[in-house]
Amino acid sequence: MKKEKTKMSVGYRKKMIKRNLESYSFLLPNLLLFLLCSIYPVIWTLKYVFYQYGGIGTAAPKWVGLDNLIRVFHDEVYWQSVANTFVYGFGKVLIIIPLAFFLALLLNKQTKFNGIAQSMVFLPTIMSSAVMGLVFYLLFNAYNGEINQYLMSIGIIDTPVNWLGKDHAMKTLIITAIWGGVGNYMVYFIAGLQQVAQDALESARIDGANKIQTLWYVTIPMMGPILKIILMLSITSAFNDITNVMVLTEGGPNNSTMVMALYGYKYFFPVSASSSVIPQYGYGAAVSVVSAAIAGIVTIIYLRLSKKLDDIY
C-alpha cells in the first residue's frame, strides 16, 4: 500500500509540475512584455534622474546627484503646470461624471433607439486623440472656426472669441476632454446600473419612494463600488492626459495650459517643429518622477476618502 501511495504521489507531482510548466509557458510572453515595456522604462527613468544626459548622439551621461530634483522644486513653470493639471483634472471630473451618469440613466433600457444613441455617444472614445484634438482646433479657431461663425450668425457674439487664448484655452481643453471621454464613463455606469438589484428598487417603490428618492437612497448607494472605480479612473486619466493639450495649445499661451505630463514629455521629445527646448533626459526623468509621486499621493488620498463607497447598503 505504501508503495502504491508513493507511486501515486510521485505521479501526481509530475502531473502538477507538467501542468504548472504549461501554465507558466502561456504567461511567459506577457511577463516578458511587462518587464520590457513597463518595469524596464521605470528603472531607466529612475536611473537617469541622477544624470545629466541629452540623449543618443550627445555626450555620455554625467552624474549630477540630486541636482535635477532640486531644479524641479525650484522650477516655477513646472509648479504652474501642476496647478494647471489640478484645474484641468478636477474641472473635467466635476462635469464628466455627472453627465455620464445622467446619460446612463437615460439610455439604460435595452431598446433599438438607446442602442443607436449609446453608439453615437461612445463613438468619440474610439477616435484618435490626435484627430479629435485637430477637429476641435479647427472648430475653435479664432479666425475661421465654426463655433465663432455660428455664434456670430445667431447674434450671441459680435466679434470672434479667441477660444485658444489665455482666457479661454483651459475651458476649451476641458470641453474637448469631456466630449472625448463621456461615452466611456457612460458605458461603465450602464454596467453598474444593470447590476443594481431589482428587488431593492421594487421595495422602494412599494414603500412609496418616488424616482428621485429611489435614485438617491437606493441606486447610487448600491453602485458605490463601481462608482469608486470610475472616479479613480477619471482622476488618474486626467493626470496623464497629454494629446489634447499638445494638439490644441502645446501648453500655451504663456504656459497657461501646460500640464505635468506634457512638461516632462517636452524634455524627451520636441512638442513641435518650432520647439526651442533642448532634450534633457535627466531633467525630464526628474520631472516625471515628481509628477508620478504627486499623482500617487492624490490617488492614495482619494482611496482613503472613498472607503465608504465599498459598502453596499
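The values are calculated or read from the model by the stated rules, or taken from the named source; none is laboratory data. Here the structure is a predicted model, which is why all the values come from computation and not from measurement. In this analysis, Cβ positions are derived from the backbone assuming ideal geometry, glycine residues included, and neighbour counts consider all displayed protein chains. Just so you know, the surface numbers come from the protein's heavy atoms only, side chains and all, with ligands and any DNA or RNA stripped out. Shrake-Rupley method; radii C 1.70, N 1.55, O 1.52, S 1.80 Å.
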Practice task
Filter the stretch 148-166 for residues that are more than 27 Å from the chain's Cα centre (by Cα) and either crowded, with 17+ Cβ neighbours inside 10 Å or assigned to a loop (DSSP other than H, G, I, E, B) (or both) and give the result.
Solution key: N148, I154, G155, I156, I157, D158, T159, P160, V161, N162
Exercise for the section: Out of the residues in the stretch 137-147 that are surrounded by fewer than 16 Cβ atoms within 10 Å (Cβ to Cβ) and farther than 17 Å from M246 by Cβ, state the one that is modelled with the highest pLDDT. Expected result: E146
Problem - Complete set of residues in the stretch 100-120 that are in contact with a Leu (Cβ under 8 Å, 6 or more places away or on another chain), more than 13 Å from F189 (Cα to Cα) and among the hydrophobic types (A, V, I, L, M, F, W, C) - result: A117
Fill in the blank from the handout: Those helices (runs of 4 or more DSSP H) completely within the stretch 174-273 that have 1 or more residues that are more than 30 Å from A286 (Cβ to Cβ) are 198-206, 211-214, 224-240
Exercise for the section: Check off (1) among the hydrophobic types (A, V, I, L, M, F, W, C); (2) without any contact (Cβ under 8 Å) to a residue 60 or more places away in the chain; (3) open to solvent by 80 Å² or more (accessible area, probe 1.4 Å) for L134 and give me the number that stays unchecked. Expected result: (2)
Exercise for the section: Return a yes/no flag: does the stretch 199-210 have any residue that is farther than 17 Å from V93 by Cα, of a type in the set (A, V, I, L, M) and touching a residue at least 24 places away in the same chain (Cβ under 8 Å). Expected result: no
Fill in the blank from the handout: When A285 is run through (1) farther than 27 Å from G180 by Cβ; (2) modelled with pLDDT under 85, the failure sits at (2)
Completion exercise
Screening L99, L103 for residues that are open to solvent by 50 Å² or more (accessible area, probe 1.4 Å), of a type in the set (A, V, I, L, M, F, W, C) and either in a helix (DSSP H, G or I) or closer than 30 Å to Q198 by Cα (or both) leaves only L99
Handout entry: Those residues of the stretch 82-96 which are closer than 23 Å to P253 by Cα and open to solvent by less than 70 Å² (accessible area, probe 1.4 Å), in sequence order
Key = V82, A83, N84, T85, F86, Y88, G89, G91, K92
Completion exercise
Given the conditions (1) modelled with pLDDT of 80 or more; (2) assigned to a helix (DSSP H, G or I); (3) over 27 Å from M246 (Cβ atoms), every one holds for V72 apart from (3)
Fill in the blank from the handout: Per the list (1) modelled with pLDDT under 85; (2) open to solvent by less than 30 Å² (accessible area, probe 1.4 Å); (3) within 30 Å of E250 (Cα to Cα), residue check on I174 breaks on (1)
Exercise for the section: With the condition kept exactly as written, say whether any residue in the stretch 190-210 is open to solvent by less than 90 Å² (accessible area, probe 1.4 Å), of a type in the set (G, A, S) and within 20 Å of the chain's Cα centre (by Cα). Expected result: yes
Problem - Q280, sole failed condition from (1) buried (at least 23 other Cβ atoms within 10 Å of the Cβ); (2) touching a strand residue (DSSP E or B) at 6+ places or on another chain (Cβ under 8 Å) - result: (1)
Exercise for the section: Please determine, by comparing only the residues of the stretch 61-81 that are of a type in the set (A, V, I, L, M, F, W, C) and open to solvent by 80 Å² or more (accessible area, probe 1.4 Å), which one is nearest to the chain's Cα centre (by Cα). Expected result: W79
